[in-house]
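Engineer: Got a structure for you, questions after.
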Amino acid sequence: MAADDPSDEEVRAVIGAHLTRFGRRRHPAPALEDLLLTRSHLLEGTITRRTEDRTEQTRHRPGTIDLSDRPTYDVLGDYKLGPGESPLDRPLDLVRRGTVHLRSCDCGNGRRQCADCRGMTYRPCEPAQVCAACQGVTMCTQYLKHGGLPSTPPRPRKPGRADRPEERVTCEGCHTPDSACPGCRGWGKVRCPQCEATGRIPCASCSRTGTVKCTTCEGHGNLTSWTAGRIKWTRHPETITPPVPRPRRIGSELNAGGWQEDRLDTGDPLPGDLSLDQRTALEPHLRHRKDERQRQVVLRRLTVVTARLPGSPHREFYVFRGADGRLRAVGRLSQEGRWKASVIAGAVVALAILVLVLIR
Ligand SMILES: [Zn+2]
Ligand SMILES: [Zn+2]
Ligand SMILES: [Zn+2]
Ligand SMILES: [Zn+2]
Ligand SMILES: [Zn+2]
């Protein structure tokens, strides 16, 4: 039984004071000694476990990595955490002794052939394009005279002005006046604007070097590899199922109650004044879980005394300690009392409506 359990006399006195302040006008004052008192020993709380996870994997990082500040181990499972090593908010990264190696990347020097140009430094392009003015179809009205002649000049011409393609110019292929498309002057093709007839476009991906930085080693040409161990703790908060529920009618008022709080760390025994029932209720929550390393248990206890009068079963009083340590009383109508009150209220409303109807 908790040390701050109020005595029957204290409970009756607090209810008496409560009635003096609030009760007398509406209800006849009950005889305090007739009050039937029932005690509820509320127990609530949380248990927060910290479980541990140890993992090991081979890691590779570009370049030379300085791992000298990381703790080392031979067998990860045997590593003992130091007092300053708390892998709770951040995992603890370790290095297995003798596993750090610097090896060269298969790229050799930190660069790989550019995939866009395959190391050519440029992309091939057509030197000439089909003339936009004649589509390469109606480039010359005397096209038959082009038999045996080359279809493009050694270096394709720049496209000519072709605002009015129906105007014809002297053909450069067959030299016939007023026969050729002004866009291509009879050739049907014009110089490619992308490569300016050079037949190659410089590769932008590699800036015309033919190679790009190796993504595996990030240009370092080598990689550090090691066996990395990691120790990580995870919090698992759990609410303890209250063995005795809060009285429903004052559930929220109890938030401001003067709960007796006990904080237990790993290995601490339960408070000596817990009842056997409470210990039994806590037992399933307190079982040791797999990989559990630490725990914090917070227990909160509060005694609520329910007071009823044999003569007026619809009224209830609840007495419990407030945050200031002093007892306080709360009056409530019971379920039955509420039902009666609502019936009475309904009857009053019905009567009022009847009166209104009759006097019209
Ligand atoms: Zn022609
Ligand atoms: Zn043309
Ligand atoms: Zn081109
Ligand atoms: Zn390239
Ligand atoms: Zn590389």
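Engineer: Report, ordered by the first and then the second residue, all pairs with beta carbons closer than 6 Å, sequence separation of six or more or different chains, a first member in region 184-195 that is touching a residue at least 40 places away in the same chain (Cβ under 8 Å), and a second member that is more than 11 Å from ligand 3 (Cβ to nearest atom) and among the polar types (S, T, N, Q).
Structural biologist: 187/152; 189/152
Engineer: Right, here's the next one. So which of 40, 86 ends up being away from ligand 1 (no atom under 16 Å from the Cβ), hydroxyl-bearing (Ser, Thr, Tyr), in a loop (DSSP other than H, G, I, E, B) and at pLDDT below 95?
Structural biologist: Numbers: 40 fails: in a loop (DSSP other than H, G, I, E, B).
Checking each option against the conditions leaves just 86.
Engineer: Could you tell me which residue of region 90-123 is farthest from ligand 3 (Cβ to nearest atom), considering only residues that are more than 30 Å from residue 79 (Cα to Cα) and in a strand (DSSP E or B)? Before you say what the answer is, go through the steps one by one.
Structural biologist: Within region 90-123, the subset more than 30 Å from residue 79 (Cα to Cα) is 104-123.
After this cut, where a residue has to be in a strand (DSSP E or B) as well, the list is 104, 111-113, 122-123.
On the way: 104: 40, 111: 28, 112: 27, 113: 23, 122: 11, 123: 9 Å.
Looking at residues that are more than 30 Å from residue 79 (Cα to Cα) and in a strand (DSSP E or B), I get 104.
Engineer: So which of 231, 240 ends up being within 30 Å of residue 78 (Cβ to Cβ) and either in contact (Cβ under 8 Å) with a residue 60 or more places away in the chain or out of contact with any strand residue (DSSP E or B) (no Cβ under 7 Å at 6 or more places or on another chain) (or both)?
Structural biologist: Going through 231, 240 in turn, the sole match is 231.
Engineer: Name the one entry in 298, 304 that is of a type outside the set (S, T, N, Q), closer than 25 Å to residue 51 by Cβ and surrounded by 12 or more Cβ atoms within 10 Å (Cβ to Cβ). Give the derivation first.
Structural biologist: Values: 304 fails: closer than 25 Å to residue 51 by Cβ.
So the residue among 298, 304 that is of a type outside the set (S, T, N, Q), closer than 25 Å to residue 51 by Cβ and surrounded by 12 or more Cβ atoms within 10 Å (Cβ to Cβ) is 298.
Engineer: Another one. Collect the residues in region 111-121 that are surrounded by fewer than 17 Cβ atoms within 10 Å (Cβ to Cβ), of a type outside the set (Gly, Ala, Ser) and either within 12 Å of ligand 2 (Cβ to nearest atom) or touching a residue at least 12 places away in the same chain (Cβ under 8 Å) (or both), keeping them in residue-number order. So that I can check it myself, show each step before the final result.
Structural biologist: The first filter runs over region 111-121 and keeps only residues surrounded by fewer than 17 Cβ atoms within 10 Å (Cβ to Cβ), leaving 113, 115-116, 118-121.
Narrowing the set further to residues that are of a type outside the set (Gly, Ala, Ser) leaves 113, 116, 118, 120-121.
Correct list: 113, 116, 120, 121.
Engineer: When region 174-222 is examined, which residues are found to be of a type in the set (Ser, Thr, Tyr) and in a loop (DSSP other than H, G, I, E, B)?
Structural biologist: Pass one, region 174-222, residues of a type in the set (Ser, Thr, Tyr): 176, 179, 198, 205, 207, 209, 211, 215-216.
Once the filter is applied, which keeps residues that are of a type in the set (Ser, Thr, Tyr) and in a loop (DSSP other than H, G, I, E, B), region 174-222 yields 176, 179, 198, 205, 207, 209, 215, 216.
Engineer: With the checklist (1) modelled with pLDDT of 90 or more; (2) over 30 Å from residue 287 (Cβ atoms) in hand, flag the one item residue 56 doesn't pass.
Structural biologist: Evaluating residue 56 over (1) modelled with pLDDT of 90 or more; (2) over 30 Å from residue 287 (Cβ atoms) leaves (2) as the failure.
Engineer: Any residue in region 19-40 that is at positive phi sitting within a Cβ distance under 9 Å of a residue that is modelled with pLDDT under 85 and not in a loop (DSSP other than H, G, I, E, B)? List the pairs, counting only those 6 or more apart or interchain.
Structural biologist: Final answer for the pair search is none.
Engineer: Filter region 217-248 down to residues that are small (Gly, Ala, Ser) and within 29 Å of the chain's Cα centre (by Cα) and give me whichever is surrounded by the fewest Cβ atoms within 10 Å (Cβ to Cβ).
Structural biologist: To start, the set of residues in region 217-248 that are small (Gly, Ala, Ser) comprises 219, 221, 225, 228-229.
Those still in the list that are within 29 Å of the chain's Cα centre (by Cα) too: 228-229.
On the way: 228: 19, 229: 23.
Once the filter is applied, the top-ranked residue is 228.
Engineer: While we're looking at this one, here's another question. Among the residues of region 107-135, how many are within 15 Å of residue 199 (Cα to Cα) and either acidic (Asp, Glu) or within 12 Å of ligand 4 (Cβ to nearest atom) (or both)?
Structural biologist: Just the residues of region 107-135 that are within 15 Å of residue 199 (Cα to Cα), to begin with: 117, 120-130.
Narrowing further to those that are either acidic (Asp, Glu) or within 12 Å of ligand 4 (Cβ to nearest atom) (or both): 117, 120-123, 126.
Total meeting the criteria: 6.
Engineer: Next up: Residues to consider are 140, 107, 125, 131; find the one that is under 22 Å from residue 222 (Cβ atoms) and either within 16 Å of ligand 2 (Cβ to nearest atom) or not aliphatic (A, V, I, L, M) (or both). Before the answer, list the steps.
Structural biologist: On the way: 140 fails: under 22 Å from residue 222 (Cβ atoms); 125 fails: under 22 Å from residue 222 (Cβ atoms); 131 fails: under 22 Å from residue 222 (Cβ atoms).
On inspection, the qualifying residue turns out to be 107.
Engineer: Given the criterion crowded, with 18+ Cβ neighbours inside 10 Å, more than 16 Å from ligand 5 (Cβ to nearest atom) and modelled with pLDDT of 90 or more, identify the matching residue among 214, 171, 125.
Structural biologist: Details: 214 fails: more than 16 Å from ligand 5 (Cβ to nearest atom); 125 fails: crowded, with 18+ Cβ neighbours inside 10 Å.
Just one listed residue meets the conditions, 171.
Engineer: Consider residue 107 carefully, then state whether it is within 16 Å of ligand 1 (Cβ to nearest atom) and either under 30 Å from residue 167 (Cβ atoms) or in contact with a Gly (Cβ under 9 Å, 6 or more places away or on another chain) (or both). Quick ask: steps written out before the conclusion?
Structural biologist: Working: within 16 Å of ligand 1 (Cβ to nearest atom): no; either under 30 Å from residue 167 (Cβ atoms) or in contact with a Gly (Cβ under 9 Å, 6 or more places away or on another chain) (or both): yes.
Taking the combined requirement at face value, the residue does not satisfy it.
Engineer: If you don't mind, another one. What single numbered condition from (1) within 16 Å of ligand 4 (Cβ to nearest atom); (2) on the phi < 0 side of the Ramachandran plot fails to hold for residue 241?
Structural biologist: So residue 241 meets the others, but not (1).
Engineer: Please go through region 246-273 and give me each residue that is assigned to a loop (DSSP other than H, G, I, E, B), without any contact (Cβ under 8 Å) to a residue 40 or more places away in the chain and farther than 22 Å from residue 317 by Cβ, ordered by number. Break it down stepwise before answering.
Structural biologist: Quick first cut of region 246-273, residues assigned to a loop (DSSP other than H, G, I, E, B) only: 246-247, 251-252, 258-259, 266-273.
Those left that are additionally without any contact (Cβ under 8 Å) to a residue 40 or more places away in the chain: 251-252, 266-272.
Matches in region 246-273: 266, 267, 268, 269, 270, 271, 272.
The values are calculated or read from the model by the stated rules, or taken from the named source; none is laboratory data. In this text, all values refer to a predicted model and were calculated from it rather than measured experimentally. Cβ atoms come from the backbone with ideal geometry, glycine included; neighbour counts cover every protein chain shown.
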